[in-house]
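Please read the structure below before turning to the comments.
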Amino acid sequence: MARGPVVRKTAEAVSETGANSLGGVDHVGTVAVDVAAGTTSAQFAKAMMTSPPKWITTLMTLRDKAVKPFGLKGGHVEATEITPGAWLGPMRVIDVSETEVMAGKDDKHLSYRVTFAVREGAHGPEGACSTVVRYNGAPGKWYFAAIRPFHYLIGRDLARRGGAKTTT
């Protein structure tokens with residue numbers, strides 16, 4: 001029995017926008033999932049980031065408690081609108097264009113950008129989500145090494161949910 005849309009892990013980033021805004025990157029990851037024809041990048045971003053599964057909100061709550069003593073930012077805010085400056089999950093929307101939505105956050109240990117786009121894929125329209133990360137010194141590298149196993153799982157499940165919400 002299928003568990004919803006199939007998520008494809010790909011090395012092809014959505015665009016160079018996120019990497020360029022950071023001035024260099026240490027990690028790039030992209031996931032893609034089929035979406036309904038006519039889905040916009042903003043619709044895909046909101047579908048991915050609205051109402052995450054309980055396991056993700058629980059994990060993020062634990063993460064926030066664990067990093068608070070180190071002065072790192074936390075918090076998950078529900079996406080309400082996709083406009084520059086608005087919260088989109090744990091990050092702020094930086095830019096919205098016809099072709100992509102870019103959000104991200106800068107913290108002491110690392111900075112990241114997440115770019116959402118709808119593009120033509122091998123099986124029709126696909127929503128693609130790229131994450132680019134720049135470590136801010138050794139603490140960022142250590143932190144990302146610790147969360148890396150969860151990073152792809154979270155992106156995969158959020159993309160799957162985003163694809164399902166745009167095709168139903």
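The values are calculated or read from the model by the stated rules, or taken from the named source; none is laboratory data. This is a predicted model, so every value here is computed, not measured. Neighbour counts are summed over all protein chains in view; Cβ atoms, including those assigned to glycine, are modelled from backbone coordinates with ideal geometry. Heavy atoms of the whole protein, side chains included, go into the accessibility calculation; ligands, DNA and RNA do not. Shrake-Rupley method; radii C 1.70, N 1.55, O 1.52, S 1.80 Å.
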With springs only between Cα atoms under 10 Å apart, run a GNM on the chain and tell me which of ALA66, ALA32, ALA86 wobbles the most. ALA66
I'd like the orientation of helix 138-167 relative to the chain: the angle between its Cα long axis and the longest Cα principal axis, in ° from 0 to 90, rounded to 10. 20
Evaluate the charge dipole of segment 27-167 about its Cα centre and quote only its size in Debye, nearest 20, assuming +1 on the Cβ of each Lys and Arg and -1 on the Cβ of each Asp and Glu. 680
Using a 1.4 angstrom probe, figure out how much accessible area the chain has per residue, in square angstrom, rounded to the nearest whole. 52
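Which pairs break 25 Å Cα to Cα here: LYS9/LYS108; LYS9/LYS105; LYS65/LYS141; LYS9/LYS54; LYS54/LYS108?
LYS9/LYS108; LYS54/LYS108
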For helix 54-67, report the angle its Cα long axis makes with the longest principal axis of the Cα atoms of the chain; keep it between 0 and 90° and round to the nearest 10°. 20
Here are labelled values, (1) 16.0; (2) 19.3; (3) 18.5, and one is the computed Kirkwood radius over Cα pairs in Å for what I pasted. Which one? (1)
Of THR166, PRO149, VAL132, farthest towards positive along the dipole that unit charges on Lys, Arg, Asp, Glu beta carbons give segment 122-168: PRO149
When the chain is modelled as a GNM with alpha-carbon springs shorter than 10 Å, which of THR30, THR115, THR50 fluctuates the most? THR50
Plugging the Cβ-Cβ distance of LYS141 and LYS65 into 1/(1 + (r/R0)^6) at R0 = 25 Å yields, to the nearest 0.05, a FRET efficiency of 0.70
Average projected area of the Cα convex hull of segment 109-168, in nm²? 4.6
Which value, in Å² rounded to 10, gives the accessible area of HIS123 with a 1.4 Å probe and all protein chains present? 140
Cα gyration tensor shape of segment 9-58, rounded if a/c is under 1.5, else prolate or oblate by comparing a/b with b/c: oblate
What number, rounded to the nearest 500 deg cm²/dmol, is the helix-based mean residue ellipticity at 222 nm of the chain, given -39500 (n - 2.57) per DSSP H run of at least four residues and division by all its residues? -11500 deg cm²/dmol
